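> Can you keep this structure in mind? I'll have questions shortly.
The values are calculated or read from the model by the stated rules, or taken from the named source; none is laboratory data. Everything numeric here is computed off the predicted structure, so don't read it as measured data. Neighbour counts run over all protein chains shown; Cβ positions are idealised from the backbone, glycine included. Calculation scope for accessible area: heavy atoms of the full protein, side chains included, ligands and nucleic acids excluded. Shrake-Rupley method; radii C 1.70, N 1.55, O 1.52, S 1.80 Å.
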Number of protein chains: 2
Amino acid sequence: MSDAISLDLATGVVALTAQLVDVPSESHHEAALADAVESALTGFDHLDVQRRGNTIVARTMLGRDERVLIGGHLDTVPANANLPHRLDNGLLYGLGSCDMKGGVAVALTLAATLTDPSRDVTYVFYEGEEVESRFNGLQHLADNEPELIVADLAILMEPSNAGIEAGCQGTLRVDVTTRGERAHSARAWLGVNAIHGAGDVLNRLAAYEPRRPLVDGLEYREGLNAVGIRGGVAGNVVPDECVVTVNYRFAPDLSEDDAVAHVRAVFDGLDVVVVDSAPAARPGLDRPAAAAFVAAVGAVPQPKFGWTDVARFSALGIPALNFGPGDPSLAHTRDEHVPVSQIESCETRLREWLRA
Amino acid sequence: MSDAISLDLATGVVALTAQLVDVPSESHHEAALADAVESALTGFDHLDVQRRGNTIVARTMLGRDERVLIGGHLDTVPANANLPHRLDNGLLYGLGSCDMKGGVAVALTLAATLTDPSRDVTYVFYEGEEVESRFNGLQHLADNEPELIVADLAILMEPSNAGIEAGCQGTLRVDVTTRGERAHSARAWLGVNAIHGAGDVLNRLAAYEPRRPLVDGLEYREGLNAVGIRGGVAGNVVPDECVVTVNYRFAPDLSEDDAVAHVRAVFDGLDVVVVDSAPAARPGLDRPAAAAFVAAVGAVPQPKFGWTDVARFSALGIPALNFGPGDPSLAHTRDEHVPVSQIESCETRLREWLRA
């Protein structure tokens, strides 16, 4: 802990975001930032602080009727000439500013300063969100110590323009393979062209009409897309195999199994192999805790189309929302930034709700 | 020229084939074999021998009314544990035995022993056939000294099961590209999927009915085939480009320009870029020299579907036929071999015709 970095949790959410951006924390290298977070939170009497790997859990233990989880990941994608932070015209630039150190700064500030919230709060600052699922600190807790993240509602501070994006769509990838028989292309009638056969796959995709189902009052938009195609042996060979990789983004009224069954039906008669999948998360806006939160922050919930860690809570039966500063489309860009006003707005509204 | 290899041109076509197989001559490494061929032919008074690089031209200069060219390439593809030769049950095995040292042995034997042929003969033993066109010794002659290969008829001793395969089909490769707009696959409606668009290309290919035109009395069979397809950015991105590589094998009633125009018409409205092409060769069976040869050797000419160097003669206005021992489908295989009887049959029939 020599050269340990010291965070000032009383400095205000914007200055704290800047401090956080300037502590590099690329995935697999979150230790320095996790040390700083642990050290900054450990001094408070109203918090029970636990550390697992580079994931920090800080809980109030006030015996309230309701418990809220507020979470944010500590890691970022690799730097892209966008460190250290800079502040320009109300925008805070820098790696991780939007995804999602602005949100982490809000959560840390609330953890430090809200000593007597109206609801018990579990703050989770976790590692390994930007890489494969097996490194995800939140998933490690869900797998090994789910009691640490039990809550009536989870709020992930993923960038959502300081609005509420509820639930998330699931994602399924499959390989659809057509087969044929090789031949020299000068004697093509001796073979069967597997790439020509893939026209059937592409025609079904082009004709497909994605659903736009209402789930808990929110309209989701599905999609079924070829995201890759490959085939070919050599410039003079009729190819015997063509593989189309298809990505199905499915609304939270379907389970992963439902999604697989649907895709198999679309490609009935063809060879379909599941490559990977992740479940959707229902918005859960019918749950009292979620409804109260929506009413309190005064935002009209929008559906979340992309996949986020809210699905991990959903799998535990915990309704979960995305609510954080920043435009999600700026995540992972060199020009990543977050509006100062959105960081402040998120803090203000969460603070009011946790005091009410 | 120390360690020079000595060929015995009087040993008979089968033994000579075996000698030739045992002199390695992978493309770009034909010098030792070219040295041996040059040395073996230079002693004969009835032959004018010229060397250009590793290509040897040996001509009779008897002032006959007609001149015939008999050609074979000296090079082979790389060895594949198939050296030295072995003779088994009437089959001569070994690298190059079929493609095409059996044919080269026939030509060398005729060159050495036919001192007074009824037609003047130009024997050409050339380098660089198995690699890119710019290394092809025959093409070098055609480009720089076409007078060395002037003839009324060219006979290439490419494997054709000791039958006559006339002319050859041309080959054209084009890239057909469809374009779209990238988007995150969770918000696919913001993009345009270029792979889905390629369904149009594949549908046209699947519906295409290849021609089977009669050219100089032979039925050719064309083919239009996707030989490759590629597209995709990442597993969560709607792709903005898909490229289908299409190979058109066209009959010798079309020029290369005709072939390009035809393919552009098939893919009308799509982005078509020519990758490479090689012309077809008309069988030329209507030419007196070719007709006389066919009658003399007593074979029913078949169309040649694949591309061979006969097209280089066709471009010079010289009718050209494939007539050599060996099954072309064994070329470039580890198990390459040639029937002894076919080597002998080719020699006998050529000798009789050149004496008549």
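> Can you find a residue in segment A:295-308 that is over 30 Å from A:Leu87 (Cα atoms), assigned to a helix (DSSP H, G or I) and either touching a strand residue (DSSP E or B) at 6+ places or on another chain (Cβ under 9 Å) or of a type in the set (A, V, I, L, M) (or both)?
Scanning segment A:295-308 turns up at least one residue that is over 30 Å from A:Leu87 (Cα atoms), assigned to a helix (DSSP H, G or I) and either touching a strand residue (DSSP E or B) at 6+ places or on another chain (Cβ under 9 Å) or of a type in the set (A, V, I, L, M) (or both).
> Right, next: Run B:Leu91 past the list (1) more than 20 Å from the chain's Cα centre (by Cα); (2) over 30 Å from A:Val237 (Cα atoms) and report the number of the one that doesn't hold.
(2)
> Right, here's the next one. If I filter segment A:165-180 down to residues being more than 27 Å from A:Leu95 (Cα to Cα) and more than 12 Å from chain B (Cβ to nearest Cβ), which single residue comes out as surrounded by the fewest Cβ atoms within 10 Å (Cβ to Cβ)?
Only one residue tops the list, namely A:Arg179.
Matching residues to (1) under 15 Å from the mean Cα position of the chain (by Cα); (2) open to solvent by 60 Å² or more (accessible area, probe 1.4 Å):
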site: A:Ala265; (1), (2): no, yes
site: A:Leu270; (1), (2): no, no
site: A:Ala290; (1), (2): no, no
site: A:Val294; (1), (2): no, no
site: A:Asp309; (1), (2): yes, no
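> From the residues in segment A:210-233 that are of a type in the set (A, V, I, L, M, F, W, C) and out of contact with any helix residue (DSSP H, G or I) (no Cβ under 9 Å at 6 or more places or on another chain), which one is nearest to B:Glu241 (Cα to Cα)?
A:Val233
> Something else now. What's the number of the condition B:Pro325 fails, among (1) within 24 Å of B:Thr113 (Cα to Cα); (2) assigned to a loop (DSSP other than H, G, I, E, B); (3) modelled with pLDDT under 95?
Unmet for B:Pro325, out of (1) within 24 Å of B:Thr113 (Cα to Cα); (2) assigned to a loop (DSSP other than H, G, I, E, B); (3) modelled with pLDDT under 95: (3).
> Also: Looking at (1) free of Cβ contacts under 8 Å to residues at least 60 places away in the same chain; (2) closer than 30 Å to B:Val243 by Cβ; (3) open to solvent by 60 Å² or more (accessible area, probe 1.4 Å), can you tell me which one B:Phe135 breaks?
Here B:Phe135 meets the rest and fails (1).
> Follow-up. How many residues are open to solvent by 60 Å² or more (accessible area, probe 1.4 Å) and within 22 Å of B:Ala79 (Cα to Cα) if we restrict to segment B:7-32?
The number of residues fulfilling the criteria is 5.
> Taking segment A:272-288 only, how many residues are within 16 Å of the chain's Cα centre (by Cα), of a type outside the set (A, V, I, L, M) and assigned to a loop (DSSP other than H, G, I, E, B)?
3
> If we only count strands (runs of 3 or more DSSP E) wholly inside segment B:38-136, which ones have 2 or more residues that are charged (D, E, K, R) and more than 27 Å from B:Gly317 (Cα to Cα)?
Qualifying strands (runs of 3 or more DSSP E): B:86-88.
> Give B:Ala162, B:Ala186, B:Ala151 a once-over and let me know the one that is touching a Leu at 6+ places or on another chain (Cβ under 8 Å), farther than 15 Å from B:Val21 by Cβ and either crowded, with 19+ Cβ neighbours inside 10 Å or within 14 Å of chain A (Cβ to nearest Cβ) (or both).
Among B:Ala162, B:Ala186, B:Ala151, only B:Ala151 is touching a Leu at 6+ places or on another chain (Cβ under 8 Å), farther than 15 Å from B:Val21 by Cβ and either crowded, with 19+ Cβ neighbours inside 10 Å or within 14 Å of chain A (Cβ to nearest Cβ) (or both).
> B:Asp3 is checked against (1) modelled with pLDDT under 95; (2) within 30 Å of B:Pro288 (Cα to Cα); (3) not hydrophobic (A, V, I, L, M, F, W, C) and fails just one. What number does that condition carry?
So the condition that B:Asp3 fails would be (2).
> Report, ordered by the first and then the second residue, all pairs with beta carbons closer than 6 Å, sequence separation of six or more or different chains, a first member in segment B:73-99 that is on the phi < 0 side of the Ramachandran plot, and a second member that is surrounded by fewer than 21 Cβ atoms within 10 Å (Cβ to Cβ) and basic (Lys, Arg).
B:Asn80/B:Arg334; B:Asn82/B:Arg334; B:Tyr93/B:Arg86
> Against the condition touching a strand residue (DSSP E or B) at 6+ places or on another chain (Cβ under 9 Å), surrounded by fewer than 24 Cβ atoms within 10 Å (Cβ to Cβ) and assigned to a helix (DSSP H, G or I), how does B:Leu354 come out, does it pass?
Working: touching a strand residue (DSSP E or B) at 6+ places or on another chain (Cβ under 9 Å): yes; surrounded by fewer than 24 Cβ atoms within 10 Å (Cβ to Cβ): yes; assigned to a helix (DSSP H, G or I): yes.
So B:Leu354 passes the test.
> Out of everything in segment A:214-234 that is without any contact (Cβ under 8 Å) to a residue 24 or more places away in the chain, within 13 Å of another protein chain (Cβ to nearest Cβ) and open to solvent by 20 Å² or more (accessible area, probe 1.4 Å), what residue ends up being nearest to B:Ala278 (Cα to Cα)?
This residue is A:Ala234.
> Can you confirm whether A:Pro210 is open to solvent by less than 30 Å² (accessible area, probe 1.4 Å) and either of a type outside the set (A, V, I, L, M) or under 30 Å from A:Ser345 (Cβ atoms) (or both)? I'd like the intermediate steps shown before the answer.
Numbers: open to solvent by less than 30 Å² (accessible area, probe 1.4 Å): no; either of a type outside the set (A, V, I, L, M) or under 30 Å from A:Ser345 (Cβ atoms) (or both): yes.
Considered against the rule, which asks whether it is open to solvent by less than 30 Å² (accessible area, probe 1.4 Å) and either of a type outside the set (A, V, I, L, M) or under 30 Å from A:Ser345 (Cβ atoms) (or both), A:Pro210 comes out as no.
> Exactly one of (1) farther than 30 Å from B:Asn54 by Cα; (2) among the charged types (D, E, K, R); (3) more than 14 Å from chain A (Cβ to nearest Cβ) is unmet by B:Glu145. Its number?
Of (1) farther than 30 Å from B:Asn54 by Cα; (2) among the charged types (D, E, K, R); (3) more than 14 Å from chain A (Cβ to nearest Cβ), only one is false for B:Glu145: (1).
> Yes or no: segment B:114-126 includes at least one residue that is over 27 Å from B:Ala292 (Cβ atoms) and open to solvent by less than 50 Å² (accessible area, probe 1.4 Å).
No, there is no match, as no residue in segment B:114-126 is over 27 Å from B:Ala292 (Cβ atoms) and open to solvent by less than 50 Å² (accessible area, probe 1.4 Å).
> While we're here: Here is a list: A:Pro325, A:Pro303. Which entry is open to solvent by less than 50 Å² (accessible area, probe 1.4 Å) and away from every other protein chain (no Cβ under 14 Å)?
A:Pro325
> Now a separate question. State which residue is farthest from the other protein chains (Cβ to nearest Cβ) when the search covers only segment A:189-201 and only residues that are at pLDDT 95 or above and surrounded by fewer than 20 Cβ atoms within 10 Å (Cβ to Cβ).
Per the stated criteria, the residue is A:Val192.
> Just need a number here: residues in segment A:235-254 that are part of a loop (DSSP other than H, G, I, E, B), surrounded by fewer than 24 Cβ atoms within 10 Å (Cβ to Cβ) and at the interface with another protein chain (Cβ under 7 Å from one of its Cβ atoms). Quick ask: steps written out before the conclusion?
Of the residues in segment A:235-254, the ones part of a loop (DSSP other than H, G, I, E, B) are A:235-236, A:239-240, A:251-254.
Next cut, surrounded by fewer than 24 Cβ atoms within 10 Å (Cβ to Cβ) only: A:235-236, A:240, A:253-254.
Going one step further and asking which of them are at the interface with another protein chain (Cβ under 7 Å from one of its Cβ atoms), we end up with A:235-236.
Count: 2.
> Against the condition free of Cβ contacts under 8 Å to residues at least 40 places away in the same chain and either within 14 Å of chain A (Cβ to nearest Cβ) or surrounded by fewer than 19 Cβ atoms within 10 Å (Cβ to Cβ) (or both), how does B:Arg204 come out, does it pass?
Spelling it out, it is not the case that B:Arg204 is free of Cβ contacts under 8 Å to residues at least 40 places away in the same chain and either within 14 Å of chain A (Cβ to nearest Cβ) or surrounded by fewer than 19 Cβ atoms within 10 Å (Cβ to Cβ) (or both).
> Something else now. Please give the number of the condition B:Asp35 fails out of (1) open to solvent by less than 60 Å² (accessible area, probe 1.4 Å); (2) in a loop (DSSP other than H, G, I, E, B); (3) not β-branched (Val, Ile, Thr).
(2)
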